[in-house]
Amino acid sequence: MQLEILQGDITTRDVDAIVNAANSSLMGGGGVDGAIHRAAGRELLTACMEVREQQYPDGLPVGQAVATPGFSLPSRWVIHTVGPNRHAGQRDPELLASCFRESLKVAVSLGARSVAFPAIGAGVYGWDAREVATVALDAVRRFGAEKSSGLELVEFVLFSTETTEIFRSVFEASAG
Ligand code: APR
């Protein structure tokens, strides 16, 4: 499994699945969630409403993941996960690791070969980008090492130059 770090807008990535840093309501929001809903079109909100009705009437729990189609996005699927909100006292990095792990499990169950992640938790939810990078890279590497998953490529698509540099430095420091 190849790991790549790049700067850009995740909504433009032509991968099998992109991961959304959603909230439990799955009804959209700001940040990357808003960008994904805008680029996917209204059908994404309708699909999220169906997921709520059929699978998660009380909302998607923190650390869990669920998929919908990608509709107008280049990616075939969107995998929605909910990061821990530090501002609400959710400070356990294990919950953040779970977002990456559970998203990859969903990706594998869909038969996805390529997946793109944003820096889950590093925006509105208040996590330090370096901690997100450390947790994310560790979780993804462990998943890749343990499972014969069919996953060929996992990308981290970071919006800002600063976050991209942080991910790169954590990646290089922990490589090998
Ligand atoms: N592509 C890639 N990354 C992006 C994009 C984009 N188009 N837009 C924003 N980002 C980056 C942010 O710069 C940040 O580094 O995604 C990272 C995660 O930030 P948020 O989107 O704020 O996600 P999070 O911290 O997990 O907070 C989730 O925000 O909008 C709400 O509905 C969402 O309530 C939930 C909360």
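Restricting attention to the stretch 46-67, does a residue exist that is within 12 Å of the ligand (Cβ to nearest atom), in a helix (DSSP H, G or I) and either buried (at least 16 other Cβ atoms within 10 Å of the Cβ) or of a type in the set (Val, Ile, Thr) (or both)? Yes: the stretch 46-67 contains one or more residues that are within 12 Å of the ligand (Cβ to nearest atom), in a helix (DSSP H, G or I) and either buried (at least 16 other Cβ atoms within 10 Å of the Cβ) or of a type in the set (Val, Ile, Thr) (or both).
Of the residues making up the stretch 9-25, those that are assigned to a strand (DSSP E or B) and more than 8 Å from the ligand (Cβ to nearest atom) number 4.
Scan Arg52, Arg86, Arg42, Arg76 and give me the residue that is more than 19 Å from Phe117 (Cβ to Cβ) and touching a Gly at 6+ places or on another chain (Cβ under 9 Å).
Residue meeting the stated conditions: Arg52.
For the stretch 123-161, how many residues are within 9 Å of the ligand (Cβ to nearest atom) and either open to solvent by 40 Å² or more (accessible area, probe 1.4 Å) or modelled with pLDDT under 95 (or both)?
Selection size over the stretch 123-161: 5.
Restricting attention to the stretch 84-134, the residues that are without any contact (Cβ under 8 Å) to a residue 40 or more places away in the chain, charged (D, E, K, R) and in a helix (DSSP H, G or I) total 3. Looking only at the stretch 35-48, decide whether some residue is in contact (Cβ under 8 Å) with a residue 12 or more places away in the chain and polar (S, T, N, Q). No.
Yes or no, residue by residue, for (1) among the aromatic types (Phe, Trp, Tyr); (2) touching a residue at least 12 places away in the same chain (Cβ under 8 Å):
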| position | (1), (2) |
| --- | --- |
| Ala136 | no, yes |
| Val140 | no, yes |
| Ser149 | no, yes |
| Leu153 | no, yes |
| Thr161 | no, yes |
| Phe167 | yes, yes |
| Val170 | no, yes |
| Ala173 | no, no |
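Residue pairs whose Cβ atoms lie under 6 Å apart, sitting 6 or more positions apart in sequence or on different chains, and linking a residue in the stretch 61-75 that is closer than 15 Å to Thr46 by Cβ to a partner that is among the charged types (D, E, K, R) and open to solvent by 30 Å² or more (accessible area, probe 1.4 Å), are Gly70/Arg76; Phe71/Glu43. Looking across Ser98, Ser75, one residue alone is more than 9 Å from the ligand (Cβ to nearest atom), over 14 Å from Gly121 (Cβ atoms) and open to solvent by less than 20 Å² (accessible area, probe 1.4 Å). It is Ser75.
The values are calculated or read from the model by the stated rules, or taken from the named source; none is laboratory data. Here the structure is a predicted model, which is why all the values come from computation and not from measurement. For neighbour counting, all protein chains shown are included, and Cβ atoms are generated from backbone atoms with ideal geometry for every residue, glycine included. Accessible surface is based on the protein model in full, side chains and every heavy atom, while ligands, DNA and RNA are left aside. Shrake-Rupley method; radii C 1.70, N 1.55, O 1.52, S 1.80 Å.
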